[in-house]
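*Asks:* Pasting a structure below so you can have a look.
The values are calculated or read from the model by the stated rules, or taken from the named source; none is laboratory data. Keep in mind the model is a prediction, meaning the values are calculated, not measured. Because the Cβ atoms are built from the backbone with ideal geometry, glycine has one as well, and the counts that use them run over all protein chains shown. Please note that ligands, DNA and RNA were not included when accessible areas were found on the heavy atoms of the full protein model with its side chains. Shrake-Rupley method; radii C 1.70, N 1.55, O 1.52, S 1.80 Å.
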Amino acid sequence: MQWIVLIAMILILLVLIARVRASLMIWTVGIALTLIALPLTGLFGYGLTTGLWVCFLLILAPLHVDKLRLRWLTEPLFHHMKKALPSMSETERSALEAGSIWWDAELFQGNPDWEKLLNTPPPALTDEETAFLKGPVETLCGMLDDWEITHKFNDLSPEVWDFIKSNKFFGMIIPKAYGGLGFSAYAHSQVIQKIASRSVTATVTVMVPNSLGPAELLLSYGTKKQKDHFLPKLATGEEVPCFALTGPDAGSDAGALPDNGIVCKGEYQGKEVLGFCVNWEKRYITLGPVATMLGLAFHAYDPDHLLGEVDDLGITCALVPTGTKGVKIGRRHNPLNSAFQNGPNSGKDVFVPFDWVIGGEAEIGNGWRMLVERLAVGRGISLPSMSCGGSKLASYTTGAYARIRKQFRLPIGKFEGVEEAMARMGGLTYMMDSARMLTLSALDQGERPSVVTAIVKYYLTEGMRQVSNDAMDVHGGRGICLGPSNYLGRLYQSVPVGITVEGANILTRSMIIFGQGAMRCHPFVMREMHALAGEDEEASLKQFDSLLLEHMAYVMGNVARSFVYGLSGAYMAPSPVSGRGAKEISRYYRQLARFSASFAAIADVSLLLLGGALKRKESLSGRFSDVLGYMYLCSSVLKRYEDAGRPEGELPFVHWSCQHALYQIQEALHGIIRHFPVKLIRWEIRVWAFPLGRHLNPPSDELGHQITKIMMQPDKERSALVDGIYLPEDSTDMTGRLEYALRLTLEADVIEARLKKSGRVFHPSMTYEQWLKELFADEIVSKDEMALLKKAHQAVRSAIMVDDFPTKKARK
């Protein structure tokens, strides 16, 4: 018994030291005390104890002797890393330094401060924003007929275009001082989400001017003159903007941008001024075919040195009126039959005066920094909001359809195979919306978390892909037959559009999330890189040595937390919650703390052993991204549950989301260890990452059953899941008729259950109406009950029917 107590005390000592992020000296003292205590347990022999002391005296103790440490560790490591430091393009450097770090850094560094998360104010709407959602947004959604948009106009109707412009939908991010709406990020997101539940075309049309584009760039970098001139016109739709970055020869690799502008003199407003002679070829430009104002990215050069001695000025952004001589607006692309305006454009010897450069002459060459900094905001709002809107629509309609559609006299939602798909839909939708709201909270608090926005862009668009696939599986033929009554087809078709834009998902996962996270979120890497790049070697070496001591203590703390938390099944990890309902969810906080420590420790081992080569290990980097991404998603679910006051009805979604996320984290860490390039180190990582093995499982079938049941009942839990989307009450609307049928079906269920118990079930040997008349004649149902059954039957028929069209005769 004595040795058990002693070992427990040793473990507690290690945890306490680890939790306070102790210095290397404290770690050294703590380990020395542990070595002194080990023989008292009786479990360690003299030989093993002596060996441990030798290791301690040869490895750890000398680190505190400055001359020894500098000569044998710091200097060799400094020179090795200085040589091994990978070259970094200006494009990569700008991307890495863009935005800010926030909760992502807490998760990355292995010891998350839960109070920082829980004290973040939840997003909220002003009265004005609420009125806009209930007024113009609701009206707009009612005007949208997606079948008409895609098959009659191949565009929004003229009335819809006018309504969007006159109600300043293009000016949500533009301050009121410039004639815009001045909405918060949360209100902006709520607008996009609601429209997304109605029409992809309308969503993209409204989304783009409020995302990465001229207005966003002008607000942050434009001159006063540019803001005063352009922003009021952009807010009212007098100017329709687009932004042209991608071309045939350069997509994600913006550093290879072939579009160029040469500094020259030209005539502007009757005067000879300096500007650029610009040539470009762009494609995939949303709103390009109808734009009046073209935001343009090009590579600027000054071969004649009209501005100075530098030839290559860098990527530059400018605003070019589309009516300018030499500008050619091409024809339209057809992005998976979505009708939003998208197409190529080009320019031949277009003169762009410096007044058109965003920010004027002072901002020449800063275009890429502008783009990545603003992308750190925009991609956290637009596509995540569209993904949540689409996923909520799919969950809402699938729940209703699965309840009213029967096979073998049973609602299809009660079949376990269907339950599995629906549980995944409901759980993912809840988790996605939680991440959206947490990210919006950060943005509205002034944060610009580039890693977080990359996470939500990737995992929410991928979530929408899974949810839409599951929705189509459950609907079957009802989902695949396009027509005026189809509410899923266009969503399903357009999913890859969100996957590919604002950073293609494969690139985002395999290179950006962890690559940027390792540089920005790590407490030492960027500072160590700056030390290595210093010109004064003596000062740089001294700075590097100081950072190295802190870094070693940081790694030791993470390894210790990972091992002890893992060994205790995460019970020794901290949880910030207590009181009513806390017991059920505190384990998720503890598991996240445990995995955060494991992730941080493994990340450091990878950076140390692989160095610059890690940049090319994209599969490994992708698994690190999965760990960081799912830690963020899981913590956002816990934050949402706390903000909502721990509603008991949402617990199935909380459990499913957290268990799903934690299982994905566990498997991603296992994948990192299994595929780690340095084979000799794999077993050591496994010991402190999974000392008791992998024991977490995916969500249970019973949990899935609870979620499916909620999705098929029109109650407050289902309403909370799909909150924020367009829910028409019109029983003739394509989604309204589905909800109308669901409510009548549930009312009729009581009567049908009674009939089934008495053996009087409907048989196809007669019509449904004949069966009802027979029941009435036999006085088994009343007149009102017969009317309800008939009404429900007709409503279900109307909801499940698909569209058909005249047959076109084959040509002879």
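*Asks:* For residues that are part of a helix (DSSP H, G or I) and aliphatic (A, V, I, L, M), tally how many sit in the stretch 336-362.
*Replies:* Within the stretch 336-362, residues that are part of a helix (DSSP H, G or I) and aliphatic (A, V, I, L, M) number 1.
*Asks:* Also, I was wondering about something else. Checking L140 against (1) within 25 Å of R374 (Cβ to Cβ); (2) modelled with pLDDT of 95 or more; (3) open to solvent by less than 20 Å² (accessible area, probe 1.4 Å), which single condition isn't satisfied?
*Replies:* The failed condition is (1).
*Asks:* Looking at F170, F153, F163, F108, which is the one that is of a type outside the set (D, E), open to solvent by 20 Å² or more (accessible area, probe 1.4 Å) and touching a Leu at 6+ places or on another chain (Cβ under 9 Å)?
*Replies:* On the way: F170 fails: open to solvent by 20 Å² or more (accessible area, probe 1.4 Å); F153 fails: touching a Leu at 6+ places or on another chain (Cβ under 9 Å); F108 fails: open to solvent by 20 Å² or more (accessible area, probe 1.4 Å).
One residue alone meets the criteria, F163.
*Asks:* Please determine, by comparing only the residues of the stretch 79-92 that are aliphatic (A, V, I, L, M) and under 20 Å from L548 (Cβ atoms), which one is modelled with the highest pLDDT.
*Replies:* Within the stretch 79-92, the match that is modelled with the highest pLDDT is M81.
*Asks:* Same structure, new question: Going through R587, R580 one at a time, which residue ends up being in a loop (DSSP other than H, G, I, E, B), among the basic types (K, R), on the phi < 0 side of the Ramachandran plot and open to solvent by 30 Å² or more (accessible area, probe 1.4 Å)? So that I can check it myself, show each step before the final result.
*Replies:* Working: R587 fails: in a loop (DSSP other than H, G, I, E, B).
Being in a loop (DSSP other than H, G, I, E, B), among the basic types (K, R), on the phi < 0 side of the Ramachandran plot and open to solvent by 30 Å² or more (accessible area, probe 1.4 Å) holds for just one of R587, R580, which is R580.
*Asks:* Then there is this: Yes or no: the stretch 742-752 includes at least one residue that is open to solvent by less than 100 Å² (accessible area, probe 1.4 Å), part of a helix (DSSP H, G or I), among the charged types (D, E, K, R) and farther than 24 Å from H475 by Cβ.
*Replies:* no
*Asks:* Please tell me if P76 is exposed (fewer than 13 other Cβ atoms within 10 Å of the Cβ) and modelled with pLDDT of 70 or more.
*Replies:* Judged against the criteria, P76 is a match.
*Asks:* If we keep just the residues of the stretch 686-696 that are over 29 Å from the mean Cα position of the chain (by Cα) and assigned to a helix (DSSP H, G or I), which is nearest to A597 (Cα to Cα)?
*Replies:* Within the stretch 686-696, the match that is nearest to A597 (Cα to Cα) is W688.
*Asks:* Scan the stretch 117-164 for residues that are β-branched (V, I, T) and either closer than 17 Å to S184 by Cα or part of a loop (DSSP other than H, G, I, E, B) (or both) and jot them down.
*Replies:* T120, T126, T130, V137
*Asks:* Further, regarding this structure: Identify, by number, the condition in (1) open to solvent by 40 Å² or more (accessible area, probe 1.4 Å); (2) assigned to a helix (DSSP H, G or I); (3) in contact (Cβ under 8 Å) with a residue 40 or more places away in the chain that A593 doesn't meet.
*Replies:* (1)
*Asks:* Whether any residue in the stretch 270-284 is over 19 Å from L217 (Cβ atoms), in contact (Cβ under 8 Å) with a residue 60 or more places away in the chain and surrounded by fewer than 17 Cβ atoms within 10 Å (Cβ to Cβ) is what I want to check.
*Replies:* The answer is yes; a qualifying residue exists.
*Asks:* Would you confirm whether or not the stretch 188-202 contains a residue that is assigned to a loop (DSSP other than H, G, I, E, B), of a type in the set (D, E, K, R) and under 26 Å from the mean Cα position of the chain (by Cα)?
*Replies:* Yes; the residues of the stretch 188-202 include at least one that is assigned to a loop (DSSP other than H, G, I, E, B), of a type in the set (D, E, K, R) and under 26 Å from the mean Cα position of the chain (by Cα).
*Asks:* Tell me, yes or no, whether the stretch 651-669 has at least one residue that is open to solvent by 40 Å² or more (accessible area, probe 1.4 Å), over 25 Å from the mean Cα position of the chain (by Cα) and either modelled with pLDDT under 95 or under 28 Å from K617 (Cα atoms) (or both).
*Replies:* Within the stretch 651-669, not a single residue is open to solvent by 40 Å² or more (accessible area, probe 1.4 Å), over 25 Å from the mean Cα position of the chain (by Cα) and either modelled with pLDDT under 95 or under 28 Å from K617 (Cα atoms) (or both).
*Asks:* Which residue out of G399, G365 is assigned to a loop (DSSP other than H, G, I, E, B) and either touching a residue at least 12 places away in the same chain (Cβ under 8 Å) or open to solvent by less than 30 Å² (accessible area, probe 1.4 Å) (or both)? So that I can check it myself, show each step before the final result.
*Replies:* Working: G399 fails: assigned to a loop (DSSP other than H, G, I, E, B).
Selected residue: G365, the only one of G399, G365 that is assigned to a loop (DSSP other than H, G, I, E, B) and either touching a residue at least 12 places away in the same chain (Cβ under 8 Å) or open to solvent by less than 30 Å² (accessible area, probe 1.4 Å) (or both).
*Asks:* Could you tell me which of the residues L219, L212 is within 21 Å of the chain's Cα centre (by Cα), over 30 Å from T735 (Cα atoms) and open to solvent by 10 Å² or more (accessible area, probe 1.4 Å)?
*Replies:* That would be L212, the only listed residue that is within 21 Å of the chain's Cα centre (by Cα), over 30 Å from T735 (Cα atoms) and open to solvent by 10 Å² or more (accessible area, probe 1.4 Å).
*Asks:* While we're on this one: Please go through the stretch 620-648 and pick out each residue that is open to solvent by 10 Å² or more (accessible area, probe 1.4 Å), part of a helix (DSSP H, G or I) and of a type in the set (D, E, K, R).
*Replies:* If the condition is that a residue be open to solvent by 10 Å² or more (accessible area, probe 1.4 Å), part of a helix (DSSP H, G or I) and of a type in the set (D, E, K, R), then R623, D626, R640, E642, D643, E648 are the ones that fit.
*Asks:* What helices (runs of 4 or more DSSP H), lying completely within the stretch 470-546, carry at least 1 residues that are aliphatic (A, V, I, L, M) and crowded, with 18+ Cβ neighbours inside 10 Å?
*Replies:* Helices (runs of 4 or more DSSP H) meeting the threshold: 489-500, 513-520, 525-532.
Results for (1) of a type in the set (A, V, I, L, M, F, W, C); (2) at pLDDT 85 or above; (3) farther than 17 Å from M81 by Cβ, shown as yes or no for each residue.
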residue	(1), (2), (3)
G534	no, no, no
E538	no, no, no
L541	yes, yes, no
E550	no, yes, no
N558	no, yes, yes
S562	no, yes, yes
S568	no, yes, yes
M572	yes, yes, yes
S578	no, yes, yes
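*Asks:* Please count how many residues of the stretch 415-469 are outside any helix (DSSP H, G or I) and of a type in the set (A, V, I, L, M, F, W, C).
*Replies:* Going through the stretch 415-469 one residue at a time, the tally reaches 1.
*Asks:* Right, next: Here is a list: G427, G359. Which entry is touching a Phe, Trp or Tyr at 6+ places or on another chain (Cβ under 7 Å) and either surrounded by 24 or more Cβ atoms within 10 Å (Cβ to Cβ) or polar (S, T, N, Q) (or both)? Give the derivation first.
*Replies:* Details: G359 fails: either surrounded by 24 or more Cβ atoms within 10 Å (Cβ to Cβ) or polar (S, T, N, Q) (or both).
Of the residues listed, the single one that is touching a Phe, Trp or Tyr at 6+ places or on another chain (Cβ under 7 Å) and either surrounded by 24 or more Cβ atoms within 10 Å (Cβ to Cβ) or polar (S, T, N, Q) (or both) is G427.
*Asks:* Pairs only if they're at least six apart or on different chains, beta carbon under 7 angstrom, first in the stretch 113-139 and farther than 20 Å from G180 by Cα, second at pLDDT 95 or above and of a type in the set (S, T, N, Q); list them, first residue then second.
*Replies:* From residues that are farther than 20 Å from G180 by Cα, the pairs are L117/S635; T120/S441; P121/S441; P122/S441; P123/S441.
*Asks:* Can you tell me which residue among P728, P699, P764 is part of a loop (DSSP other than H, G, I, E, B), open to solvent by less than 50 Å² (accessible area, probe 1.4 Å), out of contact with any Lys or Arg (no Cβ under 7 Å at 6 or more places or on another chain) and more than 30 Å from W147 (Cβ to Cβ)?
*Replies:* After applying the criteria, what remains is P699.
*Asks:* For a quick check of your reading of the model, give me the residue pairs whose first member lies in the stretch 603-623 and is over 16 Å from R509 (Cβ atoms), whose second is surrounded by fewer than 14 Cβ atoms within 10 Å (Cβ to Cβ) and modelled with pLDDT of 85 or more, with beta-carbon atoms closer than 6 Å and at least 6 apart or on different chains.
*Replies:* L609/V678
*Asks:* Further question on the same structure: Can you work out which of the residues in the stretch 194-209 that are modelled with pLDDT under 95 and not β-branched (V, I, T) is surrounded by the most Cβ atoms within 10 Å (Cβ to Cβ)?
*Replies:* Result: P209.
*Asks:* Within the stretch 159-193, track down each residue that is aromatic (F, W, Y) and either at pLDDT below 95 or under 16 Å from A124 (Cβ atoms) (or both).
*Replies:* Once the filter is applied, which keeps residues that are aromatic (F, W, Y) and either at pLDDT below 95 or under 16 Å from A124 (Cβ atoms) (or both), the stretch 159-193 yields F183, Y186.
*Asks:* Okay, moving on. So, in the stretch 307-322, of the ones that are in a loop (DSSP other than H, G, I, E, B) and at pLDDT below 95, which residue ends up most open to solvent (accessible area, probe 1.4 Å)?
*Replies:* Ranking the candidates gives E309 first.
*Asks:* Continuing with the same structure: Whether any residue in the stretch 697-709 is at pLDDT below 95, small (G, A, S) and under 30 Å from Y401 (Cα atoms) is what I want to check. Outline the logic, then answer.
*Replies:* So the first thing to find is which residues in the stretch 697-709 are at pLDDT below 95, and the list is none.
No, the stretch 697-709 contains no residue that is at pLDDT below 95, small (G, A, S) and under 30 Å from Y401 (Cα atoms).
*Asks:* To continue, here is another question. Being open to solvent by 60 Å² or more (accessible area, probe 1.4 Å) and closer than 28 Å to T397 by Cβ is the filter here, so list the residues in the stretch 770-797 that pass it. Please lay out each step first, then the result.
*Replies:* Within the stretch 770-797, the subset open to solvent by 60 Å² or more (accessible area, probe 1.4 Å) is 770, 773-774, 776-779, 783-784, 790-791, 793-794, 797.
Scanning the stretch 770-797 gives K790, K791, H793, Q794, R797.
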